Structure formats: C-alpha cells, structure tokens
1. So for segment B:138-159 (the condition being more than 23 Å from residue A:162 (Cα to Cα) and touching a Ser or Thr at 6+ places or on another chain (Cβ under 8 Å)), does at least one residue qualify?
2. For segment B:137-164, which residues satisfy the criterion of being touching an Asp or Glu at 6+ places or on another chain (Cβ under 8 Å) and free of Cβ contacts under 8 Å to residues at least 60 places away in the same chain?
3. What number of residues within segment A:72-89 satisfy the criterion of being in a helix (DSSP H, G or I) and within 14 Å of chain B (Cβ to nearest Cβ)?
4. Kindly provide the set of residues from segment A:135-157 that are more than 8 Å from chain B (Cβ to nearest Cβ) and among the hydroxyl-bearing types (Ser, Thr, Tyr), ordered by number.
5. Which residue out of B:91, B:101, B:86 is near DNA strand D (Cβ under 9 Å from one of its atoms) and open to solvent by 10 Å² or more (accessible area, probe 1.4 Å)?
6. May I ask you to list the residues in segment B:44-71 that are crowded, with 20+ Cβ neighbours inside 10 Å, at the interface with chain A (Cβ under 8 Å from one of its Cβ atoms), without any contact (Cβ under 8 Å) to a residue 60 or more places away in the chain and within 15 Å of DNA strand D (Cβ to nearest atom)?
7. Check segment A:119-129 and report whether any residue there is open to solvent by 70 Å² or more (accessible area, probe 1.4 Å) and closer than 30 Å to residue B:154 by Cα.
8. Test of understanding: among B:41, B:34, B:26, which residue is more than 20 Å from residue A:163 (Cβ to Cβ), modelled with pLDDT of 85 or more and either open to solvent by less than 20 Å² (accessible area, probe 1.4 Å) or assigned to a helix (DSSP H, G or I) (or both)?
Protein chains: 2
Amino acid sequence: MRERKIVKNPSRAVAPRPGALNLGRLGEFVGFRLRRVQNQLSKDFASATADRGLRAGLFSSLSLIAANPGLSQNELSREIGLDKSVTVAIVDELERSGWAVRERSETDRRRHALHATAAGEAYLEELFGILEQTENAVLHQLSPAELLLLSELLDRMYAAALHEDS
Amino acid sequence: MRERKIVKNPSRAVAPRPGALNLGRLGEFVGFRLRRVQNQLSKDFASATADRGLRAGLFSSLSLIAANPGLSQNELSREIGLDKSVTVAIVDELERSGWAVRERSETDRRRHALHATAAGEAYLEELFGILEQTENAVLHQLSPAELLLLSELLDRMYAAALHEDS
DNA sequence: TATTGTTATACTCTATAACTATA
DNA sequence: TATAGTTATAGAGTATAACAATA
C-alpha cells in the first residue's frame, strides 16, 4: 500500500470523502475548488446533451444572441471569451442548423447583426431545461439564500477579475 | 446601433458593468457564473506562468504527488479527472524536468509509486506563490468569512456532483 | 489606418482502443 | 480474467496570422 504524509489543510470546510486523496496546499485555493466543481458540472451537462453533438460555446452563444438581438460577432467573441475566428465557426453552425441568422448591419456594413430564429428560441428552451435539471442535481444541497449568496460572490469575483485585465 | 430586448434576470446580484451584454436566462444559472470566473482565473494564472510552458494538469498533478507520496498513476488520474493516458504524458514531463520520479511499487509490480523530488517541491513553492498572487487579485474583494463560506459551498456542490455519478 | 469578419493552419487537450506486464 | 501502465491516434478546442471589405 501507499503511505501518506499528513498535511495541514486550513481551509477545508467539509470532511473529505473516505478514500479521497490528500489535497495538500492545493486545498487552500479557491480556484482549485472552483475548477473541480465546474468540471464536474460541465461533464454532467455534456453527457446529458451528448446525443445532440452540442459543440462548446454554441449554447451560450445562442443564448446571448437571443438576449441581445442584433449582436455583432465581435461583441459575442468578447463576451464568451473566445477568439473571433472561433465565433465564425459557431455562427456558421448556428446558421446551418437554422437557429440563428446573420444580417448585414445597415449602419455599418462590416458588421453582422445576429438574430435568433423561432427554432433557435425553441431549442434554447429545451437546453435550458436540461441545464436546469443537471444543475439542480447538484444545487439542491444549497438553500435559496446560499445560492443567492454564491451568485453574488461569483459576480464580485468576476468583476474584480475583469478589472485586473484593464 | 444595436437594439436590445429587456429580459428579466431575477438572480442578478450586482449591477452589470456599463456596456455589458444582457445575459438573458443564462444569468440565472450558477454554472455559467462559475465557468466565467474560473475561465478568467485560469487565464490570469496562465499568463502569469506563460514563460514556463506549464502544460495543463502538470501543476495540480505535481501538487497531488507531493501531498501523497507513493501515489499511483491511476489514483492520480482519478483525482484530476483525466484519462490515464494523459497522466502518462504528464508524469513523463515531470520526470524529464526532474520534478518527480517513478519508482516500482514493491508490493504490486504493475504500479508506479510517484514521488516528488526536492527540485519538484521547490518548483511547487514557486507556483503556489504565483497562484496565491493571481488569486488574491480577485479574492481580496471578499472577506475571510465570505471566502470560507465560498469554499464550503463549493465543497458541498462537489460532493453532490460526485454522488450523482455513482 | 483601424475594425469586422473570414480562412488556413498549427498546437494543445483529451479520450479511445489495442497492447504489455503483472496480478 | 482483471488491473496498471503505455502507445498510437483521432477529434475537439483554441489561437495566430494573413487577408478582404468597409469604416
């Protein structure tokens, strides 16, 4: 068998599950916990939507287009944090599937004004339903007050992170 | 310019920054906020360590090996959530760089008992220092109590997510 | 000159499958 | 038979650079 050093872990908030590894200093970092939860969550969503061949970024892109009609590809790229060349591929697929359309902007002919179609909106409803299910499987452990607080903390962190870049 | 629909966003906890897009229903989901923050955090860390050519998973792997001397590659794979074939490449690089070594387990000759070297431990200290800096840039917005609570909530979510899989 | 969108391309990340050596 | 590790390989995911059209 394998021997293990005892490592102090000051920020551990719940008991480790039996058989779990010692996290060492890694356990002191919020970023590690964040990644761990997020990985798990996105794997759950991926396997719940595996039959649709949903490529990365497509869901959130469609959602942002629906919420912001007339959005440009550049604005979309910035919001999802991906290169504009990736956005081209995403919008290509959205158009091919009939979920969104590119229209030339009338005020600036370089820009594409993106719009979700009725089919796209319907598809979104479906995906949101699945996302809600997979999230609830994890979030039902938290009270509504805790959920609200969690969102608030994450928003404050995100705002601080964006500020760092500028 | 672009016109925008007004979309209700019940779980928004802080005011959107000016010029920010409407998140629509996406803003109702914790997973989205989680991903957003985590992406930003990992980009910050990546650019702070860009000069070292740090491949994905290497840092956390080395950290886990250091905290659990004698760890097998299989156990490591499970903990970092990657396939064992990926772990081979990671351990190859750790060994090539002199940060860890493979030793044959004496009780089960199929297993490799992984150990961090002194150089590996020193390298870890360096990386933890950088991680601490990049995290602090974002986390100094939160009080110690809030940080503790955040960790606890994330741990509960992770535990629930793991339970889902089984 | 600068910006929007596009294409080509290359590099990284990751999983699958087939193999070996041990158990 | 089953498990630990390895290799080869293929498919995503992503960024960079060069380009055309428009501002």
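The values are calculated or read from the model by the stated rules, or taken from the named source; none is laboratory data. Keep in mind it's a predicted model, so treat the numbers as computed, not measured. Every residue, glycine among them, receives a Cβ derived from its backbone with ideal geometry; neighbour counts consider all protein chains shown. Heads up: the accessible areas ignore ligands, DNA and RNA and are worked out on the full protein's heavy atoms, side chains in. Shrake-Rupley method; radii C 1.70, N 1.55, O 1.52, S 1.80 Å.
1. No: zero hits.
2. Restricting attention to segment B:137-164, the residues satisfying the condition of being touching an Asp or Glu at 6+ places or on another chain (Cβ under 8 Å) are B:137-138, B:153, B:161, B:164.
Answer for segment B:137-164, where residues must be touching an Asp or Glu at 6+ places or on another chain (Cβ under 8 Å) and free of Cβ contacts under 8 Å to residues at least 60 places away in the same chain: B:153, B:161, B:164.
3. Our first condition is that a residue be in a helix (DSSP H, G or I); within segment A:72-89, this holds for A:73-80, A:84-89.
Filter once more, so that each one left must be within 14 Å of chain B (Cβ to nearest Cβ): A:73-80, A:86-87.
Number of matching residues: 10.
4. Let us first name the residues in segment A:135-157 that are more than 8 Å from chain B (Cβ to nearest Cβ), namely A:136, A:143-145.
Once the filter is applied, which keeps residues that are more than 8 Å from chain B (Cβ to nearest Cβ) and among the hydroxyl-bearing types (Ser, Thr, Tyr), segment A:135-157 yields only A:143.
5. Step by step, each of B:91, B:101, B:86 is checked, and only B:86 is near DNA strand D (Cβ under 9 Å from one of its atoms) and open to solvent by 10 Å² or more (accessible area, probe 1.4 Å).
6. Result: B:64, B:68, B:71.
7. Taking every residue of segment A:119-129 in turn, at least one turns out to be open to solvent by 70 Å² or more (accessible area, probe 1.4 Å) and closer than 30 Å to residue B:154 by Cα.
8. Details: B:41 fails: more than 20 Å from residue A:163 (Cβ to Cβ); B:34 fails: more than 20 Å from residue A:163 (Cβ to Cβ).
Just one listed residue meets the conditions, B:26.
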